[in-house]
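Beneath this line is the structure, given in structure tokens, with notes to follow.
We did not get these values from a lab; they are worked out from the coordinates using the rules stated. This is a predicted model, so every value here is computed, not measured. Counting neighbours? That spans all protein chains shown, and the Cβs are built from the backbone with ideal geometry, glycine included.
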Amino acid sequence: MSSNQYDLLIVGGGVSGTALLYMTAKYTDIKRIGLIEKYAAPARVNSLSSNNSQTLHCGDIETNYTLDKALKVKRAASMLRNYATAQPDIDHIIFKYPKMVLAVGENECEQMRERFKIFSPHYPDLKLLDKKAISKIEPAVALKDGRLREDEVLALGSTDEYTAVNFEALSRSFVRQAEKIENKEIDIHFNETVTHIKIEKDRFLVETNGICYQTKSLVVCAGGHSLKLAHDLGYGLHYSCLPVAGSYYFTPQCLNGKVYTVQNDALPFAAIHGDPDVLVPGSTRFGPTALVLPVLERYNLKTMPEFLQIFKFDRKVAKVLWDLLKVRDIRNYMFKNMLFEIPLIRKILFLKDVRKIVPALKFKDLTFARRVGGIRPQLIDKVNAKLLMGEAKIDTGIGAIFNMTPSPGGTSCLENAEIDMRAIAGFLNLSVDEESIKKDLLGDDVQHGKEDFPGRVISGDD
Ligand SMILES: Cc1cc2nc3c(=O)[nH]c(=O)nc-3n(C[C@H](O)[C@H](O)[C@H](O)COP(=O)(O)OP(=O)(O)OC[C@H]3O[C@@H](n4cnc5c(N)ncnc54)[C@H](O)[C@@H]3O)c2cc1C
């Protein structure tokens with residue numbers, strides 16, 4: 001029976017919180033671990049299968065990643081792949097599809113050739129694909145009316161890699177595997193919302209509606225809600241949050257795998273892509289769009305007051321927003337993304353973008369995907385007047401860590417968990433089973449994730 005007293009308490013049962021539950025249960029000697037999740041099951045918010053792009057980001061085809069960033073994501077992706085491919089239910093968690101990033105026009109094609117030169121030594125499966133090679137993998141991309149499309153196209157891609165993940169199934173798998181570990185007290189509390197966190201002597205008091213848990217250490221993986229709980233404790237007050245929703249459109253199946261497009265460097269969000277939805281056979285999903293919304297959870301207006309509490313609009317937030325809006329490309333992009341939500345107009349506008357990928361796509365083929373797509377909680381760093389595009393972590397140094405994880409937070413769930421696991425084990429003076437982590441998850445990549453980052457930033461990508 002639960003004593004409500006823990007060595008480690010995790011708040012949030014998405015892919016980040018459940019990955020940490022698994023890592024700490026399996027690879028440390030932390031004995032009593034609890035997880036509190038406000039919904040009735042794991043992964044009901046951004047990690048829900050329909051709320052993200054399901055991509056295992058390896059960095060090679062994400063044109064907004066430098067080589068350095070790409071190699072960091074590659075390490076995280078290979079940890080996830082090593083975990084998933086060892087599971088009995090691998091077929092529900094991780095999937096192989098061809099993937100490519102498509103360059104259209106002379107400039108983008110030149111950029112692609114350059115990228116290939118730099119990236120191919122680190123990504124042995126990566127190929128430079130001309131129009132004919134593309135047509136063999138993705139006929140709908142290279143052909144129009146039965147003939148090769150006329151504009152100049154080139155792609156970088158691979159055909160035999162794990163490229164998609166059901167992050168919801170992965171979260172459930174982490175919980176199941178953690179619960180199986182013997183000689184540990186692992187408690188999962190569903191349907192409980194953490195309302196307040198306090199420090200009392202050497203303990204954190206974590207209050208839900210009706211119960212007060214005590215814990216020596218605490219990691220909050222609650223998406224945008226993490227910032228609210230951090231603010232409650234007096235941490236991260238120099239951060240505000242800009243929630244950016246992503247919507248999708250379905251078409252009848254026209255792609256075999258993932259087709260990304262080249263990033264416009266002036267824009268803070270990844271360009272749209274098309275791919276199969278792992279749970280919706282027979283269709284192709286295009287998106288996501290990027291729409292700023294005043295809520296912390298998509299389609300949940302009850303999260304608006306919480307957004308307003310952490311938004312803390314002031315001169316510095318206004319400056320960041322103004323700096324964004326000053327850039328013509330960003331201003332037009334934001335405006336276009338608002339139009340993407342308006343019935344009829346949205347289809348006409350979105351079709352234009354999607355035809356860059358599938359030139360023969362028709363208006364009647366596009367359907368707005370209702371109640372699909374989550375929210376990326378992008379942080380605003382008020383001190384440096386900057387919008388942070390990647391994951392952010394507030395490590396208080398007193399045994400409490402707060403994570404905000406926009407894209408590619410699904411891909412980096414195990415690596416993030418590894419970093420938190422080390423910090424918490426160090427704080428509790430307990431040990432980490434390095435050999436097993438190396439054997440099970442890191443494989444040949446022996447570099448350990450010991451970087452200390454108060455707000456590590458990896459460019460966002462969906
Ligand atoms: C449109 C879009 C596309 C994306 N595409 C990709 C992609 O292709 N690849 C990729 O790697 N990443 C992608 N991401 C990012 C990825 O989905 C997230 O980084 C990841 O799901 C975050 O997981 P999480 O566990 O941190 O947060 P969440 O999944 O949001 O989980 C947070 C959990 O905390 C719980 N919670 C919140 N407040 C409380 C509270 N007070 N008490 C108790 N519980 C609470 C919530 O109920 C929720 O279950 C995408 C995101 C979006 C929005």
| Spatial separation of Cα centroids for segment 75-142 and segment 214-261, in angstrom | 25
| query | Excluding S247 itself, what net charge comes from residues whose Cβ is under 11 Å from its Cβ, given Lys and Arg +1 and Asp and Glu -1? | reply | +4
| remark: Over segment 1-140, the quotient of the Cα radius of gyration and 2.2 N^0.38 Å is 1.38
| task | Mind jotting down the three principal axis lengths of segment 124-228 based on Cα atoms? Whole angstrom, largest first. | result | 71, 34, 26
| task | Could you size up the charge dipole of segment 123-272 around its Cα centre, putting +1 on the beta carbon of Lys and Arg and -1 on that of Asp and Glu, and report it in debye to the nearest 20? | result | 100
| message | So for segment 324-394, averaging the separation of alpha carbon pairs under 8 Å that are six or more residues apart and normalising by length, what relative contact order in percent results? | response | 14
| note | Counting sequence-distant residues (5 or more places) and residues on other chains, those with an amide H built under 5 Å from that of A400 are L218
| query | So, in Å, what gap is there between the alpha-carbon centers of segment 1-73 and segment 332-387? | reply | 27
| field | Loop sites in segment 1-77: chymotrypsin sites (Phe, Trp or Tyr not before Pro), DSSP, at most 16 other Cβ within 10 Å | value | Y39
| request: Grab the DSSP H runs of the chain that are 4 residues or longer, score each as -39,500 (n - 2.57), total them, divide by all residues and round the 222 nm result to the nearest 500 deg cm²/dmol. | output: -9500 deg cm²/dmol
| field | Linear extension gain, L128 paired with K144, 0.36 nm per residue minus alpha-carbon span | value | 3.6 nm
| field | Total charge dipole magnitude, segment 313-440, about the Cα centre, Cβ charges on Lys, Arg, Asp, Glu only, Debye to nearest 20 | value | 1340
| Taking a quarter of the surface of the convex hull around the Cα atoms of segment 153-299, what do you get in nm²? | 13.9
| task | Please list 175-187, 417-429, 133-145 highest first by mean number of surrounding beta-carbon atoms within 10 Å per residue. | result | 417-429, 133-145, 175-187
| request: Restrict the search to segment 306-391; then list the chymotrypsin sites (Phe, Trp or Tyr not before Pro) that DSSP places in a loop and that have at most 14 other Cβ atoms within 10 Å of their Cβ. | output: F313
| Taking the Cα-to-Cβ direction at K438 and at K326 and moving 7 Å from each Cα, how far apart do the two end points lie in nm? | 5.0
| message | Based on the alpha-carbon set only, what is the convex hull volume of segment 26-92 divided per residue, in Å³? | response | 161
| Long-range tail of P(r) for the chain (Cα pairs > 28 Å, %) | 50
| request: Can you give me the P(r) profile for segment 69-147? Cα pairs, bins 10 angstrom wide beginning at 0, each as a whole percent. | output: 14, 35, 32, 17, 2
| request: Could you check the simple spin-label distance between L344 and A266, using points 7 Å along Cα→Cβ, in nm with one decimal? | output: 3.1
| request: Can you pull a Stokes-Einstein diffusion coefficient for segment 335-386 at 25 °C (0.890 mPa s), Rh from Kirkwood over Cα pairs, as a whole number of µm²/s? | output: 184
